[in-house]
Each structure stands twice: as C-alpha cells, then as structure tokens.
1. How big is the protein assembly as shown by the Kirkwood estimate over distinct Cα pairs, in Å?
2. Could you estimate the translational diffusion coefficient of chain A from the Stokes-Einstein equation, with Rh from the Kirkwood formula over C-alpha pairs, at 4 °C and 1.567 mPa s, in whole µm²/s?
3. Cysteines without a disulfide-compatible partner in the protein assembly as shown, using Cβ under 4.7 Å as the rule?
4. Decide, for the range A:115-218, between rounded, prolate and oblate: order the square roots of the alpha carbon gyration tensor eigenvalues as a ≥ b ≥ c, take rounded if a/c falls under 1.5, and otherwise choose prolate if a/b is larger than b/c, else oblate.
5. If I model a spin label at residue B:114 and residue A:142 as a point 7 Å from the Cα along the Cα→Cβ vector, what separation in nanometres do I get?
6. Considering the range D:234-318, what Rg and Dmax in Å follow from its alpha-carbon atoms?
7. Per DSSP H run of at least 4 residues, take -39500 (n - 2.57); add these up for chain C, divide by its residues and hand me the 222 nm value, nearest 500 deg cm²/dmol.
8. Would you work out which of C:75, C:95, C:35 lies farthest towards the positive end of the dipole of the range C:1-97? Charges go on Cβ: Lys and Arg +1, Asp and Glu -1.
4 protein chains.
Amino acid sequence: MLEKNIKDQAPIDYQALVDAVLGDASSYRGHGDVSNYLPALAQVDPNKLGIALATGDGSVHVAGDADDRFSMQSISTIFALSLTLGHVGGALWNHVGREPAGAPFNALVQLEEEKGKPRNPLINAGAIVVCDQLIGRDPPEEAVEEILDFLRERSGDDSIDIDENVVMSESKAGALNRSLAYFIAASGNLSNSVEDVLNVYFRQCAIRMNCRQLARAALYLAFDGMDPVTKVEICNPARSRRINALMLTSGHYDNSGDFAFRIGLPGKSGSGGGILATIPGIGAVCVWSPGLNAARTSLAGAVALEKLVERTGWSVFI
Amino acid sequence: MLEKNIKDQAPIDYQALVDAVLGDASSYRGHGDVSNYLPALAQVDPNKLGIALATGDGSVHVAGDADDRFSMQSISTIFALSLTLGHVGGALWNHVGREPAGAPFNALVQLEEEKGKPRNPLINAGAIVVCDQLIGRDPPEEAVEEILDFLRERSGDDSIDIDENVVMSESKAGALNRSLAYFIAASGNLSNSVEDVLNVYFRQCAIRMNCRQLARAALYLAFDGMDPVTKVEICNPARSRRINALMLTSGHYDNSGDFAFRIGLPGKSGSGGGILATIPGIGAVCVWSPGLNAARTSLAGAVALEKLVERTGWSVFI
Amino acid sequence: MLEKNIKDQAPIDYQALVDAVLGDASSYRGHGDVSNYLPALAQVDPNKLGIALATGDGSVHVAGDADDRFSMQSISTIFALSLTLGHVGGALWNHVGREPAGAPFNALVQLEEEKGKPRNPLINAGAIVVCDQLIGRDPPEEAVEEILDFLRERSGDDSIDIDENVVMSESKAGALNRSLAYFIAASGNLSNSVEDVLNVYFRQCAIRMNCRQLARAALYLAFDGMDPVTKVEICNPARSRRINALMLTSGHYDNSGDFAFRIGLPGKSGSGGGILATIPGIGAVCVWSPGLNAARTSLAGAVALEKLVERTGWSVFI
Amino acid sequence: MLEKNIKDQAPIDYQALVDAVLGDASSYRGHGDVSNYLPALAQVDPNKLGIALATGDGSVHVAGDADDRFSMQSISTIFALSLTLGHVGGALWNHVGREPAGAPFNALVQLEEEKGKPRNPLINAGAIVVCDQLIGRDPPEEAVEEILDFLRERSGDDSIDIDENVVMSESKAGALNRSLAYFIAASGNLSNSVEDVLNVYFRQCAIRMNCRQLARAALYLAFDGMDPVTKVEICNPARSRRINALMLTSGHYDNSGDFAFRIGLPGKSGSGGGILATIPGIGAVCVWSPGLNAARTSLAGAVALEKLVERTGWSVFI
C-alpha cells in the first residue's frame, strides 16, 4: 500500500532514481561468482550492471548496462507460467505445488518425498513440469515459439531470440536437470518425453533479453494482469496476484525468505544474473549483474533492488 | 497497492463487510479438526467463528464470536518477535534464519541439518529461540510479563491473562517442544536453560485474547511500525515491513505458500484456531474458528480471509 | 563357525535337505507381489519356487523350479563387483562407499547428501558406478561380454544369455535409473557417458540364469575366493570376505538388517525373485520365487533360506 | 567358518597373539580424538591401549592396558539388549527396528520419518527404547541393578560399578539424548517417563569395566547363548545369533559397514574407546584405546581387531 508514499511526495524523477540506485550498487560490481553452471554463461563480463524501471505509462527508465542482452535462465519461468495457466488453469496444481522449497539441497530430496510433484513452479523441477504442461499435446517447438512470441509482443521487440550457444552448453547443468526430469517422469508426472520437455526447458532458459525488455514485458503483473499501455488483459487479477505471491515466497531458491525480508517485492532470479521484480500498482524493474551470491541470486542486483526500496518505500509490506 | 480499489469505490462499510465475510465462511464452521495438540484446546466448541477488523482510526468492526477469548498459541510469536528485535536487533539473525521451512516433517530434520539454528522465527523451534533471546539475562518471568504488558497496552485491555489450564496441559505437545528445545541447546544455541525457555514459551502460547483485541494490537504492523491511533512508534518502518515479510513467507507452517497464493496478506496462524493478518496501510484483521486444516491453520478462518480479500482487493499483490 | 554343527552330526543328506526346505516354503508360493518394475518381469508365473545348493565338491542339489531361468536383476552386481575389484582394486572405494544405505526412499536423498557417491555398490546407484568402473576405457560392449563370459565359466554353461525383452522393457524403471545415473554424472562421478553406462547396467541386469547355475557360479565366495572344484583363484581371501561382508550388510536394500537378523548369511536379492546366498566354508545356495515383499526381496525365497538355516545352523553367527 | 584355519595350523598361542596384535596397533596410540562428548571422558590418557581375548575354556589373554577400567558407554547396550529380550522377547521389535541406520546425521531425521521408532537398538535412540522396555513396570533402579548384577556375574567380578562422575557429566551430550528421548516420548513410544528412562540409560553407559571383564562377559554370544565355562544358558541360540547379526550390521554407527568390511566380526563400539567383538565358536575380544575416528569408533582399537583377523582368519565370512 503505497498511497502514503505516493501522495506525500512530489512526483518521482524516475531517471534520477535509477541513476541513483545504479550508483548505490556500483561498488558491488564484480562481487560474487559468475555462474559456472554453463560454460557459455561463465564468459560474461562480471562488472556489468544494468537497471531498467518500467512504469504504468509504458516509459522505461534505464541506467548502466540495461541494453545489454543476457541469458534469462529461470526468469523465463514467470512468462511460461503465465502462458501455461492460461492453457490449463488450476489443473496445473495437480502437477506442481505452491509451497516454498526450503534449502537447495532439498531439490531432489523433496521431489522424492513428494513423489515427483515439485514443490513450486519456480524451482528447476517445477519449471520442467510447467514446460511439460505448456507443451500439452502440441509439438514441442510450438511451446518455444509461444514463449518467444509472447516475450516479443510484451516487450515490443521482435528481435528477441535464443542463444544457441547456451542451449549447446548443457554439460554438468544438463545432467542435473536430466536427473530431475527423469525422476519426475519415473513418478508419472510428465505427459511428454523427457527429451522433448528438456528441449523446451533449455531453450526457454537460453532466451536472451535485456533489462529494458524484461521490465517492459512484466508490466502486466504489476497491474492486475492487464498491460497498462495496450490495455490487453494477459490474465485475470486473481491469477496475476497469485503469480506475484509465488514470486514472493519462492522466486529466489533458498534465499526467497531473505529477499522478501530485505526487499519486499515479488521477484524472480535467474542464474544469468538477472532479477525481475514487480512493484504492484507502480511498475516493474529489472536489474542485471552477473556475480551471484551463494544462493545464485545476483549480488549487486539484489543490492540495487534493496536500495530502490529504501529510496522509495516500494515494499508490498506498506 | 490498493489505491485503485480505494479510489474507485465509495467509502467501505466495514461493518457490512465483516458481516458479509462471516456469512461467506459460515458454512465452514465445524469443518476441520480441533487441535488435539493440548487436551485443554480440544474442549473448545468447534462451531465458533469470529472476525474483527481494526482500521487506522482505531475502530474495530466485529462479527460472530469476536469477543470470545481463545488460546493465541503461535500467534503470540509475532509480538514476542517485535519485542525481541527491539532488544537485540539484527543480532537475532545469528540465532535463527528467515527462510521458509518447507514441510512440517522437516521441523526436526532442518534443525539437525542447520545445526540447531531454526529456519525462521515463526515455526516452533524458532519461537523457542526468540523466547531465549527475549529472556536475555533477566529472570524468565520478566519476559512473560513484558509480553503480557505489551499486549495489554496494544489492545487497551488490562484483563488479558494466561490460561493456566493450557500451561498445565503440555503432555504430548510438551514432549515434542522439549525435543526441539533440547536439540537447540545441544547445538549451543540457547543462552538460558531449556526449562526456563520452555516456561516462557508455554506461557506465551497460553495467553488468551479475543479477535477484537488481537486485531487492535497488531495495527502497528499495518502502519509501518507506528500505532495509528496513539502515534506511538513500536518499531521502525523497515522492521515492521520485515516482520510482515516473515509472516507472508512463513506464517503458516507448511501452508504458508498456499496462504500467500490464496489470500496474499501477511498472517500468522495459531493452533487455537486464530489467524491474525495485517493489511498494510489499511488495518489488521483477526479471525477465529477452532477447526484446523491438515497444516494446522483455521479452516473457516482462512476461508473468511479469502473472501475478505475477494470482496475488497486487499492483497499486497496489487 | 560351523565346525560344531558339522562335527556333531552325521553327514548331511543335501538332497533331502533341499527337498525339505522346498516343502517348508511351499505354502508361501504366490505370496507377495511380482515385480511390476518391468513389464517383462510382471509376466512370470508367481507360483514358481526353486532352490539349488552347491557344495564344495561341485555337486548341486536342486528342488522345485531350480532349472527355470529367471532375470538376475541386481544379483548380477555381485559378479560385476568381483570383476571390477579385479581391475581397479581399492580405487573403487573412491567412487562408491560401503555403508548400508538405510531406507529405500534414501536412494536419491543419500546420493544428494553424499554428492553423487553412492552408499554402497549393492544399491542401484552403486551398481551403476560399478558398471562405469568396469567399462573403464574399453568399449561398453566388452564389459557386458566380460560379465557373460565370467558367468558362463563360473557356472559351466555357455548358453547363458541376455533376455532382450527385459532390456527393452525399461520404461518406468529406466527413468528412475536414468535419474540416478544423471545425478551421479552431474556430480562428476562417471567416466563414461550415462547412456553407455546404463546400457551395460541394463544388460547386466537382464542376464537370465537358473538357481542351479547361480549357486554353482557363486561357490568361490564361500571358499575364500577360490573355486573349490577347479581350484581357480577368482579373488584373494580378503577380497572374498569383503564381498561377503557387503552382501551381509547391504545385500537386500532396506531389509538387509532384517535378512541378517533372520537368516545370518551373506546374500543378494534381485527384483526378479532370486536370492543368492553364500555359506562360508560350505557352499552357495540360490532360491527363486517371483513374489516380492515390500522391500523387493523374494518372500518365499527368504522363508526358504530361513528354514535352511534353522535346519542346519548354517548362520555365520555361530 | 574357521575350521580350515583351525585345522590347518598348530594350536594358537593366544598370549603371543594378543602381544603381537598389541604391537601391530601400537603406533596408532593417541591417534584420533578422545571423546569430548562428556567432560569426564575427555580426561582419559589418549595413549592407553589394551586388548583381552577370552576363549571357550574361560581363559583370558591380555596385553597392554587390559586391566584399566574405562567407561563402557554404548557397549552396555549389548548386555541390556540381551536382558530385555529375555523379558519381553520379540515384542521389543514393535518399539525398535533392526535395520542399519545410515549416516549419523540421520539419527534425528530417521526418528522423525519413522515416527519415533528408532532404526535399531544399537544407536542411541534405540538404546533408550531398550532401557524403557527393560524397566517395564518396575522401579527404574531395578533395571540398573539388573544390568550391574548381570555384568558382575558374567565377568565374575563383584566390584564392577558406575562412575558417578560420568553420570553427572551429562551436559551437551545429555541435551542431545534428551532431545531424542522426548521425541520418542512425543511419538508415544515410551512407557516410562523420559527422566526415568534417561536415568537408567545414563547410568548404564557410565558403568566402568576393563577389557578383561568385558571379553569374559561376552563369551555367551560366541557360543550360541551359553556361557562355555559355566554352561549357563543366557539366551537361546537363535537369539544369540540375532544379537550378533545386529552387532555386525549396526554396531558402529555410520561406520558399521566399514567395520564389517575390514574386520568381519560382530562388534560394538563405545565412545569411551572400547570395542567388544565376538568370534563365533572361538571367543570374545575387547580392545580399548580412547582416540576415536570420525564415526566415534576407537581408531587404534579397530586397527588391533583388523590385525587380529589378518593374523588368524577369524572373520565370520570364512
């Protein structure tokens, strides 16, 4: 509830805001470890830092490396989830839960304890299930095209594409995701073949976008499911709020609680160093910096968001 | 961000609202199981249902059994946490984490894996650590008095007391909490003796209050730490938001994610059948109905809150 | 130490013994569930029951369906382990442990906690690692041929072969084993590709033999590593004893402790319904009956072994 | 099956044997860590090393510090188990399992997963359940007296007593055992009060004996339940073999598998540095050296037993 902040103060100079936040986080550039999850990700310059803030009128305010494209990785799940819920609705929850997952070492543990039903759609195992449901009975390539088309339309940029190098570069990481996917399949919770599902999953994660595009694309989640510029309804208000709730409780693996505690905005981290957050009623923000903390959230990116909230009071908790 | 809702509609008739919500949830009276955790709790009439909504001007709107006292149980932790953070500040986080706990069976598992540092302050193990820190170096009785005084002052009712029957009635439940406490002690994470800490914990849980008092008492958490009526600052805005964040990610054991998904408000369940929720910028609401779902959250109470949010749009996620 | 039994009684009539034991266990035919792990295994007649006892002079005494071939499944690991230790020696223990695994649900849990190093070579994950080490740097087919040749030579029957139907029939089961194998690979504990290793593993499990052949083949493990008939040394005494120790502590998944408790002989169960046990200093015994208990050990087979030990005192514990 | 070894060689010079074994292990004196589990145990001289071998004629051959008394700790469970099985028989297995426990971190995990039924009687949680069953409906002191009387009679030494310092010295260790015991009680698996049961357990663990006494006392387990000297039947052969089986699969916490692998004798480790092992048909051996390996088994003690088996071939696996 931000009315107080909004009413009590002069109109915000968004450009000054993002510039200031970039400055706040600047000394954290290069901190943390660049993902070695995929060789292709490991080659990114660790000193990159970008921020983009999209607001309800469609304007996007950027600072730093906000126009550099990076690998979305798990951020893509937010969009795949929106599309999948549009297709299958609440039936999705027969295949995946909506509780926070606890620690990362639990990934496999919980999958086993809960018989192949992942804890929530925002951990890897859950995202794999979302991909399976998105494919449904159509050819797998169509699911990838659907996500790409959606992102191109949401961000108004037809050039968004997949980094084929990253798709290739699934060695160690690929093995772990294959282990998860085969376990889910063994539990009878996949409708399509493991390889088809993983193909969609790997390609979805390998989409490259920049902060500007991602902030713009996520605006509908800050406005109860409706794109505030085009007035297109992407999903109904209840669904939009629920996606935000999942992002808040589960968007950052085993530091989701800490993220909510420090920042208080629904968000989703990707191991490429991006973090996408929604500011209900205000807009969406995307930060990017490749250095990750121990829980694989962008270190400088999280600092930037923390400073943004400090400067504006844009927590959902007041 | 509720400005849209607030601006777009006529002033809310709060009394009509709570009456309507009571009606919505009425058919769920008696559903679920009354806690058999403590014999003293098991004797409560399962058909009770009450709701109280406190708003920023200090008025409290009630319906149903909102003036019946019930056992707070874990709801008390919210207030103990507020007090403890006032004493020890961020040093508390050396002793307890702030991540969601995952499933209930994990209580002991996680405690062991994380070497006696509970996952968050809102699960039993965490609440025990909060009690230990609240005691500090003072006599244990003073900690209990401090909580009681705080609740009396917050709710403006000096008659609030402890149900000694419930304190006595710690048989099976007592054994499990003792197991947790001794494990924490074995890990070197308690400053006081197990029996002293448990004494404070059991007495804090046995405080009896009604919906009206609890909603009133929690108002400060909906107004950035300041009591909106008396203008007393209970805690600073950042701390208030953080307590709300913990309630949202971890306030309902292993259905915290589901609660956030369905209701979207910071809340805390107690096994006595109460649920206390904050509505940032608007007020606080307390519902009570003794029948619990499988995860020990009041079944009719959660329905009432879901209906309240449906009728008002009071989710933090827009 | 069986000298007492042996010295104190007249020479045993082995044929009468196996006949009697068959009778003892006969009423358990058809109890338990036939493995539905693989469709090809599910078609076996559940009323089959066979027993074969091979003694130091090379004679084999049989009763019931001891000449019917069945799918060895995990029993094959005993022989693969013998061969692998011959190739890589103690270096194997860098890749797999030798502690009992605990409950079956732990399979994946433990693999994760121990970073891809399976608990012991006799659970599925461990057998997969043994296959990888057996392949070494040679073509995978050679590993399969080596196991087949070894079994043909040990049992003196060149017709032993692989049931290609069973190899094909890796649907659900295959997915779970793939999940394990990819996890091990993700942990850096496989030298060969997952598909190559699984190919050897699946083929090794699909070897079909009968009780007579298996009892004969295992004789070396009852005589300190030397085939008592041919006097060929298969492995040295210390290694032979160690393989027996692993069978005793870990040969039957999560009912290894119960098997040791009831029967007291080193053994290995297979989900095809076979159990192979060694009787140090005396011989080897193989029983087969397809109905499995909850922990996937042949139900009638375990009863037969229990009766054998009751009738003879052939426990290692006296 | 040791007949080969026994027949093939001249009568063993047992004194020379224990002297040689002491020499073999001597360079490991002082290796490992002395238990800091209890302050009273931490004061023991780490360089102590003793061995005693009792044989079927009742003679006991000793070397080194075999007449120094040390704290039995968990070794006492073997005798408590023998007595308890005598009282309650197979009904004990309703309260405790007989499967190996897996890793030590599982202690609490498994207890929770299996709802308060410990994995086996030889881990702490299981020993607590054995004490509860041994008490039955009698006064707790009688259970302690029964164990003491049994040990005095078995070893022929009436001076065996309890080290009251060790009983007192239950600080950190006490807390962990209390945590286990309260969890078992919370699960409804204790008949007596936690404090009564722990009192028996702590006192039983604090009995002090020397290697000579312990080896003599355990002889019945090497001779099918009958004391080979007095011909008193302590338990029937089946029960004796089963206790040996439990020792082999579960006698050394999470290195039971390794102990079976290396040594191949039923044994039980205590955190006071003692290891008691039975040699079916031959005798019993007790070693003592206070330095423990990571899994709390005497390091020099295990080496001594390994050398003993190397020198004699006294593994149960041939």
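Here, each number is a calculation from the coordinates, and none is a lab measurement. Being a predicted model, the structure only gives us computed values, none of them experimental. We place every Cβ from the backbone using ideal geometry, glycine too, and count neighbours over all the protein chains shown.
1. On the way: mean 1/r = 0.0302 Å⁻¹.
With all distinct Cα pairs of the protein assembly as shown included, I get 33.2 Å.
2. On the way: Rh = 19.2 Å.
It diffuses with D of about 67 µm²/s by this estimate.
3. So, A:131, A:205, A:235, B:131, B:205, B:235, C:131, C:205, C:235, D:131, D:205, D:235.
4. Values: a/c = 1.93, a/b = 1.70, b/c = 1.14.
Cα axes put the range A:115-218 in the prolate bin.
5. Here the modelled spin labels are 4.5 nm apart.
6. Gyration radius and largest Cα-Cα distance of the range D:234-318: 12.0, 36 Å.
7. Details: 15 runs with 149 residues, N = 318.
Helices in chain C give a 222 nm mean residue ellipticity of -13500 deg cm²/dmol.
8. Projecting each Cα onto the dipole axis, the largest value belongs to C:95.
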